[in-house]
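Right, one structure below, let's go through it.
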Amino acid sequence: MGNNQTKYNHSPTTKVKGDFKTWTGFQAIFSELSNAVAKRSKKKTVLVIETYPGVRIEKLRHFLENYFEGATVLCADDFALNGQQIQDKFAMLITEDRVFGRMAAIKMEDYYEKAKLELLRENVAMLTGLTIVFGTGASLAVVADLTVYVDVARWEIQKRMRSGEIGNWNDTNLDEDILRKYKRGFFLDWRAADRLKVELFSKIDYYVDENELDNPKMVRWSDYCSGLEQMLQGPFRFVPYFDPGVWGGQWMKENLGLDSSVNNFAWAFDGVAEENSLYLQFSEVHIETPAINAVLKYPMELLGELVFSRFGAELPIRFDFLDTIGGQNLSLQVHPHKEYIKKQFGMDYTQEESYYLLAAKEDAVVYLGLKDGVRESDLIEALEEAQTGAVELDATRYVNTFPAKKHDHFLIPSGTVHCSGADSMILEISLSAYIFTFKLWDWGRLGLDGKPRPVHIDHGKKVINWNRSEKWVAENLVNQFELLIETATHTKEKTGLYKTEQIYTERDWFTDYVDYDNSEKTVNMLNLVEGDNVVVESLDDAFEAFEVRYVETFVIPAQVERFRIRNIGKSEHVAVLRARIM
């Protein structure tokens, strides 16, 4: 697909229709908030500005204090637990591990001592005029007359953490290991903040996008919600992001129009609701917003009853790219089974996945399952010895390798030892419990940060399925294609996943168009795995035609019951891979 280099859309955007206003920059935003306060004509007005962890809080403090000189400005963060107190209180959840913590139903209230929270409330109660309470948890302290929510995307938070601009919320750990900062965010801070965000949905008046430095953008909450509702009427895409890695390759850089000065790109996330963003365009103003907001605000419309009943307000399907073409092997790894992940980490479901080959060089392989006759004690001893640095692991002595070519589909249920070899471009399809990978061997490498990458043999050895032998894997996990429809212009195949996995995948090859039925009303995630471009059309005029280019991932919300995908490119035939929960 050499002609696709510049076609991939890096900025998919929903253009919002309607009569709305936007405000850009602190001056314009604060002017509008001042007007909104004045309209209330009250002797005492409380303005609450709730912020997501990762917002540049000191910059916000500076602008608030300078603009609202006659107001009392209080930062809720000043009344919360500090970094060390948070570490001590949640030590059992944060753990000593660099990567893994434990899930728990914590709330933002848990980050505050009751006495200090009450002190903040008392301070506000005694004040007259305009009082502004801002920060993460600000809405817990007072009853607001006006509520503003300041948000920031997950990827932007991670970039700020990596650069050392910020640490974890209310902490000074700017220079701490990024894996540890991400861990606390993933297991604690972001979970608590999302729970509070949901509680505020019925109270928010304005929504602020704080992703761009010194360029915040604001819309009314009702207009923001209207934008999400319009987006969910039809297909949409997440905003993708790309990241280098120690094993990264060159395919994405060469085919997707990425920065040629970067050494490699290993990952791309373009189908992960918890990590990706959405772009909403209000006239000339682009609002970037976390994709998880759409899941949390409109779970039934997006996910459907089946998915919502099983997973709650989470989009459990994840599509991402792994590029090792011109790169190296991924780490040898295994994912835990459901019982283990629940007991050890508090997760309700585990990572079940598959590798779909978008491209591969002639010598490409996938490591999958164990060689016949491998003894548990021998493999574990070899892994542990290799981890000391004394010897290299001879992986092919213990693990099967299967030749990998374009459009192969390898199924990877939990407990299966696996990794992609070098020279493959993979669309990884998985349930979204994506942090729970137990690396068994990383080929003796250091990470891009110069530190050894975390290996978890102690966890891994407890979840390896030792019955996944070469014959069993070949018969159950490699190219398990089942022909469903075959005509002169259309072939439909079931491609997976394995029977214990909850994701169901189909591949449609066609020359003209295919009509899809989604009468089960469940969220669909799809990717154009072959062909230049297609258009997704409504069969009942529910949404406008939506163009999709080669290897772009897109989502069909549950409330879209019927749709058509039409080949509009130069390719004689195209292929679409479709995943949903069954």
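Since every read-out is calculated from the coordinates, none of them should be taken as a lab result. No experiment lies behind these values; they were computed from the predicted model shown. Ideal geometry is used to build each Cβ from the backbone, glycine not excepted, and the neighbour counts take in all protein chains shown.
Rounded to the nearest 10 degrees, the inclination of helix 190-200 to the longest alpha-carbon principal axis of the chain is 50 degrees.
When the alpha carbon gyration tensor of the chain is reduced to an equivalent ellipsoid, its three semi-axes come out at 42, 30, 20 angstrom, largest first. Near Phe236, the amide H atoms lying under 5 Å from its own belong to Val555; only residues 5 or more places off or on other chains count, and H is placed 1.01 Å from N. Here the calculated FRET efficiency for Lys406 and Glu122, from their Cβ-Cβ distance with R0 = 60 Å, stands at 0.35, rounded to the nearest 0.05.
Applying a DSSP loop filter and a limit of 15 other Cβ atoms within 10 Å to the trypsin sites (Lys or Arg not before Pro) in the stretch 1-64 leaves Lys17, Lys21, Lys42, Lys43. Using the Karplus relation 6.51 cos²θ - 1.76 cosθ + 1.60 with θ = phi - 60°, the per-residue 3J(HN,Hα) values for the stretch 342-351 come to 5, 5, 8, 10, x, 8, 7, 8, 10, 7 Hz, with x marking Gly and Pro.
Rounded to the nearest 10 degrees, the inclination of helix 114-125 to the longest alpha-carbon principal axis of the chain is 40 degrees.
Cα centroid separation, the stretch 495-537 to the stretch 123-199: 38 Å. Summarising the amide proton neighbourhood of Met347: residues at separation of 5 or more, or on other chains, whose placed amide H is nearer than 5 Å comprise Met103, Lys342.
Would you work out which of Met92, Asn211, Gly460 lies farthest towards the positive end of the dipole of the chain, given +1 charges on the beta-carbon of Lys and Arg and -1 on that of Asp and Glu, about the Cα centre? Projecting each Cα onto the dipole axis, the largest value belongs to Met92.
Per residue of the chain, the DSSP helices (runs of n ≥ 4 H) give a summed -39500 (n - 2.57) that works out to -7000 deg cm²/dmol at 222 nm. Residue by residue, the stretch 506-514 carries 3J(HN,Hα) couplings of 10, 10, 10, 9, 7, 9, 10, 8, 9 Hz when phi is fed to the Karplus relation 6.51 cos²θ - 1.76 cosθ + 1.60 (θ = phi - 60°); x denotes Gly or Pro.
For the pair Val535 and Ile380 in one chain, pulling the backbone fully straight at 0.36 nm per residue adds 50.8 nm over the alpha carbon distance. Farthest toward the dipole's positive end in the chain, which of Cys419, Ile57, Phe186, given Cβ charges of +1 (Lys, Arg) and -1 (Asp, Glu) about the Cα centre? The one lying farthest along the dipole's positive direction is Ile57.
Return the subset of Lys181/Lys451; Lys181/Lys338; Lys107/Lys203 for which the Cα-Cα distance in this structure is over 21 Å, preserving the input order. Pairs exceeding 21 Å: Lys181/Lys338. For Thr51, the residues 5 or more places off, or on other chains, whose built amide H falls under 5 Å of its own are Gly135, Thr136, Gly137, Ala138, Val150. Do any GluC sites (Glu not before Pro) in the stretch 363-423 lie in a DSSP loop with no more than 14 other beta carbon atoms within 10 Å, and if so, which? Answer in residue order: Glu392. Candidates Leu322, Val334, Tyr355 compared by Cα position along the dipole of the stretch 303-368: farthest toward the positive end lies Val334, with charges placed on Cβ.
Beta-bridge orientation, the chain: approximately 80 percent antiparallel, per DSSP, counting only bridges with both partners inside.
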